[in-house]
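Visitor: Just dropping this structure here.
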């Protein structure tokens, strides 16, 4: 099909009833894709493969959400600085480690500890988070 929408085969212009035009997405080896046709024409192809990096970032964002919920449940102000302890499996802790700065910044955590054993913190809230991370404890600290 050329820019004017004319389809030719063997040098001959084909009429619309003489052909079927289909868009086919080539499958990649082991990859995942999702295709959607847009109402005005055209289409969108999304790579839906979840890489280890994306999985780790998703876990970090789940932890951030859980910490923020724990802050809210404790009645802390948005500007309060906190000490955060996260009980996680060694695998989950390894996934979260590259996102330590993001988690600390987003939650105003002055200290952020990943542990297999939870130490008791006063004024703390326990929240289930995600697979590999079963609780988050927060404690207000002085800025």
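Visitor: What is the Cα coordinate range of the stretch 52-141 on the first, second and third principal axes, sorted by size from largest, in whole angstrom?
Guide: Each principal axis gives a Cα extent; for the stretch 52-141 these are 34, 24, 18 Å.
Visitor: To two decimal places, what compactness ratio does the stretch 1-117 give when its Cα radius of gyration is scaled by 2.2 N^0.38 Å?
Guide: Expressed relative to 2.2 N^0.38 Å, the Cα Rg reads 1.89.
Rule-based calculations on the coordinates, nothing more; no lab input. In this text, all values refer to a predicted model and were calculated from it rather than measured experimentally.
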